[in-house]
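Every read-out reported here was derived from the displayed coordinates using simple, explicitly stated rules and does not represent laboratory data. This structure is a prediction, so every number in the text was calculated from the model and none was measured. Positions of Cβ are backbone-derived with ideal geometry, glycine not excepted, and every protein chain shown enters the neighbour counts.
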Amino acid sequence: MIDFFRALFDPDLVFLRNALLLGLIGSIPLGAVGTFVVARRISYLAAAIAHSVLGGIGAALYAREVWGFAWLHPMLGALIAALIAASVIAWVSLRSQQREDAVIGAIWVTGMAIGLLFISRTPGYLDPMAYLFGDILLVTSADLWIAGVVGTLILVILLLWHRQIVAVCFDSEFAAIRGVHADRMYLLLLLLTALTVVTLVSLVGIVLVIALLTLPPAIASLRARSLGQMLLCSIALTASFVFLGLGFSYTLNFPTGPTIILLAALVYLLGNTVKRVFSK
Amino acid sequence: MSDSAHSNCECQAHAGEPVVCFEGVSFSYGHNLIIDDADFDIYQGESVCVIGPNGGGKSTLLKLMLGLLVPDRGEIRLFGEPAQLGRTRVGYVPQQIEFDPLFPVSALDVALMGRLSRGSFGFVSKSDRAMAQDALAKMGLADQAKAPFASLSGGQRQAVLIARALVAQTELLLLDEPTAHVDVAAEERLMYSLKKLGGELTVITVSHDLAFVSRSVPKVVCVNRCVHVHPTAKLTEARIREIYGHEVRMVQHDHEHLDSHGGHHHG
């Protein structure tokens, strides 16, 4: 780990500092929004949103190379795809008469299929694995700016509307009677989930970002007595997993995304085991 | 509109705007007619019980009052406004709340949800917190404010939900079988706490317990697709037989206390 600390100050290893910064900035919206996702039990919806992001990344990469849209950063494409997927999923959950699980599964795979199709048609070599499982070499200063702006936006929205979102998550019928737009708050939560997922996609990838969104709040919920406690604890855990996971991956030459996620999964397993042992 | 205008309401005339006004309201789930041409008024300060058999439409009637369901025909007004506007002055206590036992909220957090409105932004104010603590104290739960909601007993949870309804500075309290899932002791405590509230509060309670109805409220709304409103004293065996569709023997203990045998209904 000492090598990792030295590397953080090495002027030639800017990518490592960028990756750490992105992880630390992203841990705030991830911990905050993840708390609501876990408390409301909509992790599977968050997973569908995350996977549909590949469609946006693929389309943006294709548009840059083929149509010359140099301004279209892949993360911007990811953001647009995530927001569209969140809106469609919210509509299906709240309004559609279709089988919700089947429609959400369809959105999940359609987004991925579109992404893979665009990537296959984009000139030059592009490895979809880098987007699916993360690659710290993909992290640029533009990602930091996007994460900073998106993270701030998420925090402001949560500060303003957290009481209404909590009430809708706990008892949407009562919230509606109190005049709260329950459906709009549910849509807002899914849009925030979409924004959050996008902030850390380049670091841990589409598949693994869901684990980082849900595992820290799940660990926090083992001890937390209030949603506020769960939220703060989730942010601290996410930041710790990113820092330690990055350190271990650098020191042991492991891929970063899987190292971070395995660390989080290990702590979750330990937390559950300890809770079971002490509750007997 | 006065009661006398309604063919299926046998109650006294009242001055002023009714708190609840149903005018020719019908509601169906698909082709299944649940409420047929309901016409009745409920006035400020009244305590009313809604009775009827399982599937007779009691909970549907409450959801119509709250604007959670839209009638096929007719009009519902709360405090002179359409139900969806007037409902913010209503405290609603459901029969049983479906909640996630792992959702980390305390009794105080749940009570504070009663202070919520469309314009609630940011953090909870000190006055809101004080009101929620006061409402919990009124329900005998002052020392349980910080306890996780999921760790409370059925009766205590029901009391927290009533506190949540009261903290909204409710003018009309709707209780959907508040004692259906609690034991007798908890039921007594709940009813005692509710009686202490009294005052100008209008209370509508859905109940399956005819003994409770006869000793607790002066007016009943009988629902079995059709809706009839009576003074409790006029709730005869024939009327109950008509509503429930089977024999119910009633024993008169005194002028105000009517007990039923074989008439314990779960709705």
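Of A:Lys275/B:Lys138; B:Lys138/B:Lys219; B:Lys138/B:Lys234; B:Lys58/B:Lys234, which sit over 29 Å apart, Cα to Cα?
On the way: A:Lys275/B:Lys138 36 Å; B:Lys138/B:Lys219 26 Å; B:Lys138/B:Lys234 33 Å; B:Lys58/B:Lys234 20 Å.
Result: A:Lys275/B:Lys138; B:Lys138/B:Lys234 exceed 29 Å.
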TODO: Treat every Asp and Glu Cβ in the range A:149-280 as -1 and every Lys and Arg Cβ as +1, leave all other atoms uncharged, and give the resulting dipole magnitude about the Cα centre to the nearest 20 debye.
DONE: 420 debye
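Among bridges DSSP assigns within the protein assembly as shown, what percent are antiparallel (round to 5)? Mind showing how you got there, number by number?
On the way: 26 of 44 bridges.
Here the antiparallel bridges make up roughly 60 percent for the protein assembly as shown.
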Task: Between the range A:249-280 and the range B:89-133, the alpha-carbon center distance in angstrom - done: 35 Å
Task: Sorted by Cβ density within 10 Å, fewest first, the residues A:Trp71, A:Trp161 - done: A:Trp71, A:Trp161
- [ ] Return a whole-number percent for the relative contact order of the range A:2-279, with Cα pairs under 8 Å and 6 or more residues apart as the contact set.
- [x] 30 percent
Task: For the range A:126-132, 3J(HN,Hα) per residue [Karplus equation, 6.51 cos²θ - 1.76 cosθ + 1.60, θ = phi - 60°, Hz, x = Gly/Pro] - done: 10, 9, x, 4, 4, 7, 6
Task: Signed unit charges on C-beta, dipole axis of the range A:2-279, positive-most listed residue A:Leu246, A:Gly105, A:Trp145 - done: A:Gly105
Open item on the list: At 0.36 nm per residue, and after removing the present C-alpha to C-alpha distance, how many nm does the segment from A:Arg184 to A:Ser172 gain when stretched out fully?
Closed with: 3.2 nm
